[in-house]
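The values are calculated or read from the model by the stated rules, or taken from the named source; none is laboratory data. On a predicted model such as this, the values are computed, not experimentally measured, just so you know. Methodologically, a virtual Cβ is constructed for each residue, glycine included, from the backbone with ideal geometry; neighbour enumeration extends over all protein chains shown. Side chains are part of the model used for accessible areas, which takes the heavy atoms of the whole protein and leaves out ligands, DNA and RNA. Shrake-Rupley method; radii C 1.70, N 1.55, O 1.52, S 1.80 Å.
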Amino acid sequence: MAEDEVVELCRDLIRIDSTNAGDNAGPGERAAAEYVAEKLAEVGLEATILESDDRRANVVARIEGTDPGRDALLLHGHLDVVPFDAGDWRHHPLSAEVADGCVWGRGAVDMKDMDAMILAVVRQRLREGRRPGRDVVLMFTADEEAGGEYGAKFLVEEHPELFEGVTEAIGEVGGFSVSIGEDHRLYLIEAAEKGMAWMRVTANGRAGHGSMLNLDNAVTELADAVARVGRYEWPVRLTPTMSRFLEEIGGGDPEAAIAKLGPVARMLGAGLRNTVNPTMLEAGYKANVVPQTASATIDGRFLPGFEEEFFATVDELLGPNVTREFVQHQVALEFGFEGPLVTAMVEALLAEDPAGRAVPYTMSGGTDLKSFSRLGIRGYGFAPLKLPADLDFSGMFHGVDERVPVDSLRFGVRVLDRFLDHC
């Protein structure tokens, strides 16, 4: 049964090294894709593996629903994970150890847990001959962690026929619980995600000897600009999704209300404002040489409806002597928290946890949904997990000692199965 095998599926996937440093030089997703396709083939579902480059593999399969006249649903997860330094971990990130009631490893929450839950539910339903009411397209993608060039973007641009009839989607990051007191939980469903602007910013100056006066120093110009951007306090901007979220948790001062939610406030608080974080610096080639150029990479995220304000502010902070260019630029998304798909998600959660309450939120990062939305697909983050109150779940994403509770995986399987009965 799905609950019995989801843990081993998750462990198998974690053990497959699919790290993605963003340079297209890693192991790729081919081995993970072959594993997924094999598990689907075992229950009679033929999957297609599509490579966008050497070993950059995506898996696609379609389950026919009982009502061919209905629009199709996309169920998606990515197979790549971010890099790690194994020396920092309590358990090796590719060992998939089960300890303290959790499966440990890179990808345990981002997002081989959801991949495993999808596989487990689909395998059980196909073994039992239980078809969904509508066609369900399964998509396991490459390269999500680096913007999706070899994954979702490739599939949308080169294979749009795979999405025939698809109007809605679910994927990461949502459906997980946040405890409020001892007996109540919020289940956060992603109904919006911020836009992404990874930018390289560059200052030009006059090269020269490090011992001489130089009032046109590119490093100094860049350092000042990066400091202004990094220290800027962006104002609160309430989008419809976060306004609804605040209403659900009691309203009041937005920052104070979110601060009460514990560690997850880091992620939720970013949904209240645009953000920019400097992440990389590059300049110079010798201690006594003033370089002609200096550059930095900054990670900008803008709220739905506030892109124009975001870039105007960034340009003002950078100043006239620093230029910027995009490394990645992707849209912000926001969908209403209503309709049959939302109802199916909420009811599936509450059937398994009557003390819970489902609320929409804005994700601080981005997902493959940005690419899928270009085809008119409306989507949500829904990878359901009932979590222990003391687990810093948001800290698991790209963090050290990433892990997912075994009981949470089993809970997610039950919720997804109910969801597919009524979506």
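Some values worked out for this structure:
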{"item": "Any hit, segment 124-131, residues being more than 21 Å from Ile16 (Cα to Cα), surrounded by fewer than 17 Cβ atoms within 10 Å (Cβ to Cβ) and among the hydrophobic types (A, V, I, L, M, F, W, C)", "result": "yes"}
{"item": "Residue count for segment 10-21, restricted to those that are of a type in the set (A, V, I, L, M) and surrounded by 24 or more Cβ atoms within 10 Å (Cβ to Cβ)", "result": "2"}
{"item": "Filter result for Asp115 (touching a residue at least 12 places away in the same chain (Cβ under 8 Å) and open to solvent by 50 Å² or more (accessible area, probe 1.4 Å))", "result": "no"}
{"item": "From the options Glu182, Glu190, Glu157, residue that is at pLDDT 95 or above, open to solvent by 30 Å² or more (accessible area, probe 1.4 Å) and either not polar (S, T, N, Q) or not in a loop (DSSP other than H, G, I, E, B) (or both)", "result": "Glu157"}
{"item": "Checklist (1) closer than 16 Å to Leu74 by Cβ; (2) part of a loop (DSSP other than H, G, I, E, B); (3) under 22 Å from the mean Cα position of the chain (by Cα) applied to Pro132, failing item", "result": "(3)"}
{"item": "Considering residues of segment 283-319 that are within 20 Å of Tyr232 (Cα to Cα) and among the aromatic types (Phe, Trp, Tyr) only, the residue most open to solvent (accessible area, probe 1.4 Å)", "result": "Phe306"}
{"item": "Residue ID - modelled with the highest pLDDT, chosen from residues in segment 239-262 that are farther than 24 Å from Phe397 by Cβ and outside any helix (DSSP H, G or I)", "result": "Asp253"}
{"item": "Count of segment 22-65 residues which are loosely packed, with under 14 Cβ neighbours inside 10 Å and at pLDDT below 95", "result": "2"}
{"item": "Qualifying positions in segment 374-407 - surrounded by 19 or more Cβ atoms within 10 Å (Cβ to Cβ) and within 30 Å of Thr66 (Cβ to Cβ)", "result": "Ile377, Gly379, Tyr380, Gly381, Phe382, Ala383, Pro384, Leu385, Lys386"}
